[in-house]
Structure formats: structure tokens, C-alpha cells
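Have a look at the structure below, then the notes.
The values are calculated or read from the model by the stated rules, or taken from the named source; none is laboratory data. What you are looking at is a predicted structure, and each value in this text was computed from that prediction instead of being measured. Note that each Cβ is placed from the backbone with ideal geometry, even for glycine, and that neighbours are counted across all protein chains shown.
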Amino acid sequence: MNKASADTSYISNTNFYEERKDLTASFRWAARENLHEAVANHFSLAVNENGTQFLMNPNMWHFSRIRASDLLILDANDKSVLEKENAPDATAWGLHGAIHRLCPHAKCIMHVHSVFATVLASLDDCMLPPINQVAAMFFGRQVVDKNYGGLAFEEEGIRCANLLSNPKIHTMIMGNHGILVLGKNVAETFNRLFHFERAAKVYINALQTGKKISILNEIIAEKTAQELDDEELPNPAGTAFLREIKLILDKENSNYTE
């Protein structure tokens, strides 16, 4: 493929500094919690009103060393970025770009192959049932994609985006693949990602006991989901969680803000 002229204006840009710090802190904590998979996973955050311009991690970088200034700023409508120097991962642009373009409510998108979410995605019945309070966060708010079509290049990204058109749905269990979580900001999205992995771990461990699983009834599950929804809380848990992550990283003299 012929390279376009070396336009690197989307690299090492310090615009949207607070947004960059939030997103980079989530990368660092995802690495600490082992939610990532080598250099294969991606987070993005929209920075314009219609969501088409977004921050995303550079291609093939480990989450543990990404800094605020390293984040790419991309345009979901500009595919030519794939032909430029230091281009983003094509599957990341295909998946995240399609969702940002077609689902403007998806301000932040986090996609990982974390262990327990991926175990769940590998089962024939891979919906997470509301077996406890944490799992209830996702009741009626998840969709299962059972039509894995290979690496998430542009066509596959569009197919996935079409499954997320309902703003109530914030979690997609990508069958035979992994997990994708949406939110209105980094704090809300990372909180969901973290807790989905925890809920999936509890569920997989419960299945391994071989005993009958106790599932909350739908009325209580929906009530709990509403009560745990960040938008309904005066002090959102996700906001507090991200604040604490940044305070811990700051105390450790992390370079994530650079």
C-alpha cells in the first residue's frame, strides 16, 4: 500500500487534555487488572458533539505505557488515516469508527478480550444472568452477537454498530470474541467494563460448582439495574472509581498524564 504524505497531526496532540488523562488512566488500570490482551485491545472517546472525532490508543502499544500525549485523534469519516504514517490499527478504526459514526450516544467505547468475559462469550448461552447485585447492572442492557465474522474491519464494525442502536444497550457480548462496553464518558464506561468482568468471573465460578444457579427475578433485576445506573445516582460510582484510580496513579508518580 502506498503511504500518503507523513501527516502526523493526529499524533501526540495535547488538545482535550482532561479527556486524555481520563482515558489514559483507564488504560493503566486495565493493564493492572489484566483486562487487556497483549497489544490487541482498544479504548476510544468521542471529543466532538456528534461523536465522529475520537481519541484512541496507538497501534500495537501496551496499555501500561500509554501517556496522554500518545493518544491518536481520529475522524470516523476519514478512512485515509489508515494509509498514513503511524496509522491506527485497522480493526480498531473499523470497529470503533463505525460505532462512533452510527451510534452518537456511544461517547466512550472499550473493547477487550478479558479472561472471564471471553470465557462467557465462548459459551453457547453467553448472556450474563442477574445472579447477584453486580450482574444485575447489565440486566436488559446487554446484547449478544452470535454472528462473529472475523477481524473487525469496516464491514464487521458496521454490523456490530447496528446491534447497538438502542441507547439502553451499553454492553455487547461478542460471541467467540470478547466484550465491548459503551458509556457517556470514561468513568461510566470503565466502571461497567470492570464490573462486567467481575460479574462474569462470579458466574463462571458458580457454574463450576455444578449446583443450581439462583437467578434474581426480572422485577428485582430491573429495579437493581436502575438503582445502579450512574445517571440515576447523585454521586456516580464510576466517577468516584476513576477519581481514585487517578489519585493512586498520581501518588505512584505515574507518567500517564504526560
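Overview of results
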quantity	calculated
Filter result for the condition that a residue is out of contact with any strand residue (DSSP E or B) (no Cβ under 9 Å at 6 or more places or on another chain), within 26 Å of SER114 (Cα to Cα) and buried (at least 19 other Cβ atoms within 10 Å of the Cβ), over ALA98, ALA92	ALA98
Filter result (touching a residue at least 24 places away in the same chain (Cβ under 8 Å) and crowded, with 17+ Cβ neighbours inside 10 Å) within the range 76-89	ALA76, VAL81, LYS84, ALA87, PRO88, ASP89
Qualifying residue in the range 66-80 (condition: polar (S, T, N, Q), modelled with pLDDT under 95 and not in a helix (DSSP H, G or I))	yes
Within the range 169-258, helices (runs of 4 or more DSSP H) holding 2 or more residues that are within 20 Å of ILE99 (Cβ to Cβ)	186-208
Single unsatisfied condition, HIS113 versus (1) within 12 Å of LEU180 (Cβ to Cβ); (2) modelled with pLDDT of 95 or more; (3) surrounded by 24 or more Cβ atoms within 10 Å (Cβ to Cβ)	(3)
